[in-house]
Amino acid sequence: MRLFPVRTAIAAAVLAAALGGGVPHVLRAAPAAGDSRLAPAYRFARDGWIYVHLEGPPGQLGYEHGYLLAHEIDDAFHAVKLRDVHNSRQDWNFFRATAQHVLWPHIEAEYRRELEGITEGLQAQGVAMDLWDVVALNAMEEVPGYYLPWLQAQQKHAAPAPKAPGHCSAFVATGSWTKDHGIVMAHNNWTDYLDGERWRIIFDIVPAAGNHILMDGFPGIIVSDDDFGINSAGLMVTETTIGDFFGFDPQGAPEFVRARKALQYAGSIDEFVRIMNDGNNGGYANDWLLGDRKTGEIARFEQGLQHTRLWRTMDGYFEGANFPSDPQILKDETTFDSGNPSLSPNARRERWHQLLEGNKGRIDVALAQEFLADHYDTFEKKADLPSERTLCGHLDLSSRGFKGWLPPYYPGGAVQNKVTDSAMTADMMFLARFGHACGADFKSGPFLEQHPEFEWQKPVLHDMDAAPWSRFSAGGRK
């Protein structure tokens, strides 16, 4: 594991906050009614999703975001706060201090202004969140799963931190593998139902500089964060996390900033990789699956901290299910067991191979939707056995849990799904289905009666009912 120095002042501030010390709130005055910054923005609801159109320079984008989604952000913030405090054994001041002293110094001006704008919009709606709450929310993946384990490794007396999570399943295919020889991309988001039920935003973003963006996302966060998006330059982007990853550089730029910048400014696979590598902090380490609809080329960009690797092809596929592919990353930056076929990532990887290779030349959007709903367990060799081993993940049904991430019967799994292809991307469009792709609903009441060990989630754990597939496009209206 590569270690990096931490400035004494930063370490002291974070540790003091972890012991209960506070961080001053950043307060801003509420604007007058009828603020012109809201003029180009709008929202509507459809099939379980909330579509939000944001347009303008960074501060305005943020203000529109915070103002229009104030209720959803406030609700999501309290859910994430409860989960992170419970799982990390740190109080919320730790996360606020990390946001201020570790992350904020490495956020460039454009995205600082957008985060400040979100805070202003929230406060204009009467939501009692400040800037450090907003930054900590944006880092809900990389602080508890990457920074905190790194920090506690430096403090050998500290309690073990949560391990890096195993989010998502995805594939991208092109050339002779697809029905029309263009690119097909699909992704489902694996996470706690606690935050997954809230991961229901479709962001249509027209920034003053860079590309028009259409992506799914979480309220209050400036990037997709489960990372499915397309842009007006023809770039198609998704990812799955690298399971059991360790390593973090506190002097690097936050992943949520680099990922947003890459989707906003990259017009090619090479540009995306360059932006993601610039200031890489190791946070939220992913296998990025990429496509360029202009050329038909696809790629897998595996980004660790010490090592990165890029594979690319004009005729083939890449799949993702939380496994590392590069031997150096596997050896030096993870504790992942690649030889155990019973593990969720290995079982899902095998299922992707079966489905993609068994449908060569036939893969299209319709088949991709079927793949995301698949319940075949390659270890048990049984169909219709939903669990952590199936592409449509149902961790709440598994007595095994997700090794290294979540315990048995944890309320989590595949919470929403997206699919697009080259033609749809050219029109800035994708399909999305909220909830399980198989159509199964999750009911929190009966679940908690059966699993009282998760009673701590009761204040924020909602039902998650599956909705139909729906089409979303840039500039869309209800």
When region 345-381 is checked residue by residue, the ones that are in contact with a strand residue (DSSP E or B) (Cβ under 7 Å, 6 or more places away or on another chain), touching a residue at least 40 places away in the same chain (Cβ under 8 Å), crowded, with 20+ Cβ neighbours inside 10 Å and among the charged types (D, E, K, R) are ARG348
In region 424-434, residues that are on the phi > 0 side of the Ramachandran plot and either outside any loop (DSSP other than H, G, I, E, B) or buried (at least 24 other Cβ atoms within 10 Å of the Cβ) (or both) total 0
| message | Among the residues of region 440-448, are any farther than 27 Å from ILE213 by Cβ, surrounded by fewer than 20 Cβ atoms within 10 Å (Cβ to Cβ), among the basic types (Lys, Arg) and in contact with a helix residue (DSSP H, G or I) (Cβ under 7 Å, 6 or more places away or on another chain)? | response | no
Note on region 253-287: residues more than 12 Å from GLU142 (Cα to Cα), assigned to a loop (DSSP other than H, G, I, E, B) and not hydroxyl-bearing (Ser, Thr, Tyr) are ALA266, GLY267, ASP278, GLY279
Picking from ASP292, ASP332, ASP315, the residue that is surrounded by fewer than 23 Cβ atoms within 10 Å (Cβ to Cβ), in contact with a strand residue (DSSP E or B) (Cβ under 7 Å, 6 or more places away or on another chain) and not hydroxyl-bearing (Ser, Thr, Tyr) would be ASP315
In region 406-423, anything over 20 Å from the mean Cα position of the chain (by Cα) and crowded, with 24+ Cβ neighbours inside 10 Å is listed as ASP421
**OP:** Answer yes or no as to whether HIS167 is closer than 23 Å to GLU302 by Cα and at pLDDT below 95.
**Re:** yes
Of THR308, THR313, the only residue that is over 29 Å from PRO407 (Cα atoms), of a type outside the set (D, E, K, R) and under 21 Å from the mean Cα position of the chain (by Cα) is THR308
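Yes/no matrix, rows are residues, columns are (1) outside the structural domain of LYS81 (by TED's automatic domain parsing); (2) modelled with pLDDT under 95; (3) within 14 Å of the chain's Cα centre (by Cα); (4) not in a helix (DSSP H, G or I):
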site	(1), (2), (3), (4)
GLU120	no, no, no, no
ALA128	no, no, no, yes
ASP133	no, no, no, no
ALA159	yes, yes, no, yes
PRO162	yes, yes, no, yes
ASN188	yes, no, yes, yes
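The values are calculated or read from the model by the stated rules, or taken from the named source; none is laboratory data. Here the structure is a predicted model, which is why all the values come from computation and not from measurement. Here Cβ is always computed from backbone atoms with ideal geometry, including for glycine, and neighbour counts include all displayed protein chains.
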